[in-house]
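Written below as structure tokens is the structure these notes are about.
The values are calculated or read from the model by the stated rules, or taken from the named source; none is laboratory data. Note that the structure is a prediction, hence the values are computed from the model and not measured. When we count neighbours, we look across all protein chains shown, and the Cβ atoms used for this are built from the backbone with ideal geometry, even at glycine.
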Amino acid sequence: MINRLNIRQLTEEKEESLSLYAVKSKSSRGRLKYEEPCPIRTAFQRDRDRIIHCKAFRRLKHKTQVFIAPLGDHFVTRLTHTLEVAQIARTIGRALNLNEDLTEAIALGHDLGHTPFGHVGEDVLNELYYQGFRHNEQSLRVVDLLEKDGQGLNLTWEVRDGILNHSKTRVDILGQDWGEVHTLEGEVVKIADIVAYINHDFGDAIRAGIITENNLPLSAATVLGHSHSQRINTMVSDIIDYSWGARGDGAVPHPAIGMSPQILEATNTLRQFLFDRVYNQRSAEDEAEKAREVVRSLYGYFSKHEDRLPPEYSAYSDETERRVVDYIAGMTDQYALRMAEELSLIEGKAK
């Protein structure tokens, strides 16, 4: 008789039909702290649910993807980006017969540590904090420590590995310094992240009036397509085709997640176009400079007035600067703007 006490075991049995190279839930390397298994959910399903219900995940809806605190309703936020990555990664993972639950959990958690104001905020914290700052490392810190009042989410090793190693910095896609995730599911999320942001950032740049559809490099458009949906479909289909060995029939001893040379070249062309015409160009604008000044002022103020930090941050580190970084990185765009304005008024009265 089927009852709720063996649902997890039934799901784990179904996972035995996954690819030879998929990570099976019952074969997870485990958690930092041991927990009794859930009777209904597998380990990776449990991780997914913990991420969705955590505070850092909710705050993503008010964090910038590229355009800082945009007024339009249709610009991409860090939350909608995360959902797009999860959807694309699940599509690829399912086609390759990998563990879809693990893929989804990594995707949903990969940007939890992102700063306000997108990469502008990340760059400023990296400049100011002597140990440097990378949002993927902060995402791991969020799930390991900062959530649940210092207890962390106690996620599995595989999800934590995927979160930590998803970031590509600014190297070419699949290039020499691309880095490595230790599961194919994590590699799927890593490349799905690229597919998602290249396409929606191009759409947002058009929406903002910075470029037009006609500005898309002809070489990339000819190969990838002339519309948002065509480009995503081309990329995803190519990734599945190129990575088919990951389905695990044994014919490919060391399968990899990637793209064919033609699609990879076109995708890198589109990505470089975005850096040249959108990301780097916007860095000189007043809006981005205002965001930088906000992060600098917050960092400077709280470094000198650590007593103004929320009291719970004292438990996260013995070092003032580390606590300041944790606090600022967790802020949404609007909260950071309001906080900087309030502190400016306080310091103005003090003078």
TODO: Kindly establish whether A105 is touching a Leu at 6+ places or on another chain (Cβ under 8 Å), crowded, with 24+ Cβ neighbours inside 10 Å and not charged (D, E, K, R).
DONE: yes
- [ ] Out of E319, E293, report the one residue that is over 23 Å from the mean Cα position of the chain (by Cα) and either under 20 Å from Q151 (Cα atoms) or among the basic types (K, R) (or both).
- [x] E319
Task: Verdict on D193 being charged (D, E, K, R), touching a Lys or Arg at 6+ places or on another chain (Cβ under 9 Å) and over 18 Å from F44 (Cα atoms) - done: yes
- [ ] Filter region 322-337 for residues that are assigned to a helix (DSSP H, G or I) and either of a type in the set (V, I, T) or out of contact with any Lys or Arg (no Cβ under 7 Å at 6 or more places or on another chain) (or both) and give the result.
- [x] R322, R323, V324, V325, D326, Y327, I328, A329, Q334, Y335, A336, L337
Open item on the list: Just to verify a result, which residue in region 151-184, among those that are assigned to a loop (DSSP other than H, G, I, E, B) and of a type in the set (A, V, I, L, M, F, W, C), is modelled with the lowest pLDDT?
Closed with: V171
Task: Sole exception among (1) farther than 30 Å from L20 by Cβ; (2) at pLDDT below 95 for A56, by number - done: (2)
Open item on the list: For region 36-48, check the following and say yes or no: at least one residue is part of a loop (DSSP other than H, G, I, E, B) and small (G, A, S).
Closed with: no
- [ ] Find all pairs meeting these conditions: Cβ atoms under 6 angstrom apart; at least six residues apart or on different chains; first residue within region 36-47 and aromatic (F, W, Y); second residue surrounded by 13 or more Cβ atoms within 10 Å (Cβ to Cβ).
- [x] F44/S25; F44/D101; F44/L102; F44/A105
Task: Residues satisfying the stated conditions in region 119-164, i.e. aromatic (F, W, Y) and out of contact with any Gly (no Cβ under 7 Å at 6 or more places or on another chain) - done: Y129, Y130, F133
TODO: Any chance you could count how many residues in region 16-35 are touching a residue at least 40 places away in the same chain (Cβ under 8 Å) and part of a loop (DSSP other than H, G, I, E, B)?
DONE: 13
Task: Which numbered condition E319 misses (of (1) of a type in the set (D, E, K, R); (2) modelled with pLDDT under 95; (3) out of contact with any Asp or Glu (no Cβ under 9 Å at 6 or more places or on another chain)) - done: (2)
- [ ] Consider only pairs whose beta carbons are under 8 Å apart and that are at least six residues apart or on different chains; among these, list those whose first residue lies in region 151-169 and is under 19 Å from A89 (Cα atoms) and touching a residue at least 24 places away in the same chain (Cβ under 8 Å) and whose second residue is assigned to a loop (DSSP other than H, G, I, E, B) and of a type in the set (F, W, Y).
- [x] K168/W178
Task: Odd one out for P217, checked against (1) in contact (Cβ under 8 Å) with a residue 40 or more places away in the chain; (2) closer than 24 Å to R48 by Cβ - done: (2)
TODO: Filter region 226-254 for residues that are crowded, with 17+ Cβ neighbours inside 10 Å and more than 24 Å from the chain's Cα centre (by Cα) and give the result.
DONE: G245, R247, G248
